[in-house]
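Asks: My questions will all concern the structure given below.
The values are calculated or read from the model by the stated rules, or taken from the named source; none is laboratory data. Since the structure is predicted, the reported quantities are computational estimates derived from the model, not experimental observations. So basically every Cβ, Gly included, is an ideal-geometry build from the backbone, and we count neighbours across all protein chains shown.
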Amino acid sequence: MSFDAIQVGQSLHKEQSILSGFYGAIITAVIINIIWVYISMFFDRFFPWLSIVQGILIGKSIKKYGLGLDWYLPALAAILTIIASVTGSFLSALYLTGREFNTGAMMLIDEISWHTLKTFMVNEFAIVGCIYAIFAAALAAYYAKRQLSRDQSIAFRKYRESIKL
């Protein structure tokens, strides 16, 4: 049986799935946001560093389900992590505010306006949330890249070179 590096590289390229990676990352983000809200409610504190954990897990889920070798899967992981970081922080702040006013978070959803979102971004999320979100996005992009063995890497490189010819 002969080993054809170009065919192996082509099969590695075809294994990539942006949709599977996207769905895996969305499910991971939703689960981590729910856990983030529960942790915030249990300790009655806001934890922005959970976005870093979220970024690592989103990156690993894209790596597992997307099998990415190209640039767009780490970029997708970074973008989804930033979105998930903002939504997780907002949901935690919403539930903590609901507890503070002795109402549920669902009651507060009707009261959300642009002013509420602007106030959240300036006062709650602020620069600390932005720093955590950027670091989380960088970690997600790092962990989203698929690691290849030496032989797979050589085969994939030969496949890429055959495409350029």
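Asks: How many residues are of a type in the set (D, E) and assigned to a helix (DSSP H, G or I) when one looks only at segment 1-41?
Replies: First, the residues of segment 1-41 that are of a type in the set (D, E): 4, 15.
Add one more test, that the residue is assigned to a helix (DSSP H, G or I), and what stays is 15.
Adding up the residues that qualify gives 1.
Asks: Now for a different question. Quick check on segment 134-159: of everything there that is exposed (fewer than 13 other Cβ atoms within 10 Å of the Cβ) and among the charged types (D, E, K, R), which residue is modelled with the highest pLDDT? Break it down into steps so the answer makes sense when it comes.
Replies: Within segment 134-159, the subset exposed (fewer than 13 other Cβ atoms within 10 Å of the Cβ) is 147, 149-151.
Pick out the ones that are also among the charged types (D, E, K, R) and you get 150-151.
Working: R150: 86, D151: 83.
Looking at the filtered set, the residue picked out is R150.
Asks: Something else about it: In segment 27-38, which residue that is in contact with a helix residue (DSSP H, G or I) (Cβ under 7 Å, 6 or more places away or on another chain) and not aromatic (F, W, Y) is nearest to L94 (Cα to Cα)? Outline the logic, then answer.
Replies: Filtering segment 27-38 down to residues in contact with a helix residue (DSSP H, G or I) (Cβ under 7 Å, 6 or more places away or on another chain) leaves 28-29, 32-33, 36-37.
Okay, now just the ones that are also not aromatic (F, W, Y), so 28-29, 32-33, 37.
Values: T28: 21, A29: 17, I32: 16, N33: 12, V37: 9 Å.
Step by step, filter segment 27-38, then rank; the result is V37.
Asks: Further, regarding this structure: Quick check on L80: is it within 30 Å of S17 (Cα to Cα) and at pLDDT 95 or above? Give the steps one after another, and end with the answer.
Replies: Details: within 30 Å of S17 (Cα to Cα): yes; at pLDDT 95 or above: yes.
The answer is yes for L80.
Asks: Right, next: In segment 28-44, how many are loosely packed, with under 13 Cβ neighbours inside 10 Å and touching a residue at least 24 places away in the same chain (Cβ under 8 Å)?
Replies: Applying the first criterion (loosely packed, with under 13 Cβ neighbours inside 10 Å) to segment 28-44 yields 34, 38, 42-44.
From what's left, touching a residue at least 24 places away in the same chain (Cβ under 8 Å): 44.
Counting residues in segment 28-44 that are loosely packed, with under 13 Cβ neighbours inside 10 Å and touching a residue at least 24 places away in the same chain (Cβ under 8 Å) gives 1.
Asks: Take the residues of segment 1-26 that are in contact with a helix residue (DSSP H, G or I) (Cβ under 8 Å, 6 or more places away or on another chain) and among the hydrophobic types (A, V, I, L, M, F, W, C): which is surrounded by the most Cβ atoms within 10 Å (Cβ to Cβ)?
Replies: This residue is A25.
Asks: Condition check: among the acidic types (D, E) and either within 21 Å of W36 (Cβ to Cβ) or in contact with a helix residue (DSSP H, G or I) (Cβ under 6 Å, 6 or more places away or on another chain) (or both). Does E100 satisfy that? Full working, then the answer.
Replies: Numbers: among the acidic types (D, E): yes; either within 21 Å of W36 (Cβ to Cβ) or in contact with a helix residue (DSSP H, G or I) (Cβ under 6 Å, 6 or more places away or on another chain) (or both): yes.
Taking the combined requirement at face value, the residue satisfies it.
Asks: Can you name the number of the only condition in (1) under 16 Å from V37 (Cα atoms); (2) touching a Leu at 6+ places or on another chain (Cβ under 9 Å) that A93 fails?
Replies: Looking at each condition in turn, A93 falls short on (2).
Asks: Additional query: Output the number of the condition that F120 fails; it satisfies all remaining conditions of (1) in contact (Cβ under 8 Å) with a residue 24 or more places away in the chain; (2) of a type in the set (A, V, I, L, M, F, W, C); (3) outside any helix (DSSP H, G or I).
Replies: (3)
Asks: Out of all the residues in segment 65-78, which are part of a helix (DSSP H, G or I) and crowded, with 16+ Cβ neighbours inside 10 Å? Before you say what the answer is, go through the steps one by one.
Replies: Within segment 65-78, the subset part of a helix (DSSP H, G or I) is 65-66, 72-78.
Result: Y65, G66, L73, P74, L76, A77, A78.
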